[in-house]
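The values are calculated or read from the model by the stated rules, or taken from the named source; none is laboratory data. Since we're looking at a predicted model, the values are computed, not measured. Using ideal geometry, Cβ is built from the backbone for each residue, glycine included, and neighbour counts are taken over all protein chains shown. What goes into the accessible areas is simple: the full protein's heavy atoms, side chains included, and nothing from ligands, DNA or RNA. Shrake-Rupley method; radii C 1.70, N 1.55, O 1.52, S 1.80 Å.
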Amino acid sequence: ANVIDSKMYVWGGESTNGLSNSLEYYDIASDMWITVANGGTARRGHSSAIYENKLFFFGGEIESNAEFLVTDTLDIYDPATGEWKQGTPSGTPLVSHQALVYGHRMWIWGGSKGSGVYSNDLYIYDLKADTWTKGLSGGTARRYHAGAAVDGILYFFGGWNGAHLSTMDRYAISQ
């Protein structure tokens, strides 16, 4: 979930009806849920982030011929215009990773590339140029972890890599 102007946006995921591409928001002031629009590629296990009041949804799993496939796609929603568009795919499919925005970049770390292969790779999406670069690899490969960006340092905590993790990895960003 991501918050813009006291509205908590929730998109995608999975229900008993299958994968979803439904976008809703919870209006904190009125204590009401509002359905916005369907858009983007239905998926689960994706990340989401905000930059300049736009929502970015990356990776996860999509369904194809009754199989779940890890994806590298990026969907972008602009609440001001109500428009959806696709960003440049990363070239590396990931699910259950973490996305953090710092500066004008979205930093994607960890997750799984599918088939139980856990990642400790860093991918950097330039939010202005719509381009991807691969950063350094390092730390404990994991998925289902938490993350935060504080004062130029990315922090990744917990998660799973065949066992529950209670460790933290840090990555100092050079802008």
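Here are the numbers:
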quantity	calculated
Extreme residue, most open to solvent (accessible area, probe 1.4 Å), among residues of region 44-72 that are under 15 Å from SER112 (Cα atoms) and within 11 Å of the chain's Cα centre (by Cα)	ARG44
Flag if VAL101 is among the β-branched types (Val, Ile, Thr), more than 13 Å from the chain's Cα centre (by Cα), crowded, with 16+ Cβ neighbours inside 10 Å and within 18 Å of VAL3 (Cβ to Cβ)	no
Given (1) in contact with a strand residue (DSSP E or B) (Cβ under 6 Å, 6 or more places away or on another chain); (2) assigned to a loop (DSSP other than H, G, I, E, B), index of the condition LEU69 fails	(2)
Index of the failed condition, THR41 passing every other in (1) without any contact (Cβ under 8 Å) to a residue 24 or more places away in the chain; (2) part of a loop (DSSP other than H, G, I, E, B)	(1)
Selection within region 114-129 - open to solvent by 10 Å² or more (accessible area, probe 1.4 Å) and modelled with pLDDT of 95 or more	TYR118, ASN120, ASP121, TYR123, ILE124, ASP126, LEU127, LYS128, ALA129
Residue under evaluation THR133, criteria (1) open to solvent by 40 Å² or more (accessible area, probe 1.4 Å); (2) modelled with pLDDT under 95, criterion not met	(2)
Qualifying residue in region 80-98 (condition: under 12 Å from the mean Cα position of the chain (by Cα) and closer than 19 Å to ILE153 by Cα)	yes
Pair list, Cβ under 7 Å, 6 or more apart: region 146-169 residue surrounded by 11 or more Cβ atoms within 10 Å (Cβ to Cβ), other residue among the acidic types (Asp, Glu)	PHE156/ASP169
Residue within region 101-109 that is among the hydrophobic types (A, V, I, L, M, F, W, C), at pLDDT 95 or above, assigned to a loop (DSSP other than H, G, I, E, B) and touching a Phe, Trp or Tyr at 6+ places or on another chain (Cβ under 8 Å) present	no
Pair list, Cβ < 8 Å and 6+ apart or interchain, from region 46-74 residues that are under 17 Å from HIS145 (Cα atoms) to residues that are at pLDDT below 95 and in a loop (DSSP other than H, G, I, E, B)	SER48/ALA1
